[in-house]
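Engineer: Just dropping this structure here.
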Amino acid sequence: MQGLRKQEDAEFEAFMEIVQEYAKRKDCVFFVDSGEGNEIQMNGIDGEDLSGWLIPIADADEFEQIFKQNTGFDDIPEKYTDSFRYAKWQKKNGNIIINFTDR
């Protein structure tokens, strides 16, 4: 799945599909750096707040090559520093919604 460095279990990938749906609404792809706590487990979904890069779709393939070759924040080129975001989930009316924030 684009946005992940490695294959994850089906429950986490189901969560990531929701994250990517919200990223797509911003014409972006979200690339995960790490989990940030605030875990959720429900209906075959297993996730948590995430940190990573919210990259415009037009730059996603280029960023993905860099992302998969490197292991963390310090290895990503400076031109992407401003793209670092937190993907925070919340439950509203029984649905998971994702907000991208800079903190």
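The values are calculated or read from the model by the stated rules, or taken from the named source; none is laboratory data. None of the values given here were measured: they were computed from a predicted structure. With ideal geometry, Cβ positions are generated from the backbone for all residues, glycine too; neighbour counts draw on all protein chains shown.
Engineer: Taking LYS88, is it under 21 Å from GLU13 (Cβ atoms), at pLDDT below 95 and not polar (S, T, N, Q)?
Structural biologist: On the way: under 21 Å from GLU13 (Cβ atoms): yes; at pLDDT below 95: no; not polar (S, T, N, Q): yes.
So LYS88 fails the test.
Engineer: Could you grab the pairs with beta carbons closer than 8 Å, sequence gap of 6+ or different chains, first residue in region 77-103 and free of Cβ contacts under 8 Å to residues at least 12 places away in the same chain, second one of a type in the set (S, T, N, Q)?
Structural biologist: Taking only residues 6 or more apart or on different chains, the pairs are GLN90/ASN99.
Engineer: Considering each residue of region 67-103, count those that are aliphatic (A, V, I, L, M) and surrounded by fewer than 17 Cβ atoms within 10 Å (Cβ to Cβ), and give that number. I'd like the intermediate steps shown before the answer.
Structural biologist: Of all residues in region 67-103, those aliphatic (A, V, I, L, M) come to 76, 87, 96-98.
If we keep only those that are surrounded by fewer than 17 Cβ atoms within 10 Å (Cβ to Cβ) as well, we get 97.
Of the residues in that region, 1 qualify.
Engineer: Residues that are without any contact (Cβ under 8 Å) to a residue 40 or more places away in the chain and assigned to a strand (DSSP E or B): does region 55-74 have at least one?
Structural biologist: yes
Engineer: Continuing with this model, one more query. Among the strands (runs of 3 or more DSSP E) confined wholly to region 1-47, which include 2 or more residues that are under 11 Å from the mean Cα position of the chain (by Cα), free of Cβ contacts under 8 Å to residues at least 60 places away in the same chain and closer than 19 Å to ALA58 by Cα?
Structural biologist: Qualifying strands (runs of 3 or more DSSP E): 28-35.
Engineer: Could you tell me how many of the residues in region 75-97 are in contact with a Phe, Trp or Tyr (Cβ under 8 Å, 6 or more places away or on another chain) and in a loop (DSSP other than H, G, I, E, B)?
Structural biologist: Total meeting the criteria: 1.
Engineer: While we're looking at this one, here's another question. Given the conditions (1) touching a strand residue (DSSP E or B) at 6+ places or on another chain (Cβ under 9 Å); (2) at pLDDT below 95, report the number of the one that MET16 does not fulfil.
Structural biologist: (2)
Engineer: Output the residue which, of all residues in region 51-65 that are touching a strand residue (DSSP E or B) at 6+ places or on another chain (Cβ under 6 Å) and closer than 14 Å to ARG5 by Cα, is surrounded by the most Cβ atoms within 10 Å (Cβ to Cβ).
Structural biologist: Among those that are touching a strand residue (DSSP E or B) at 6+ places or on another chain (Cβ under 6 Å) and closer than 14 Å to ARG5 by Cα, it is GLY52.
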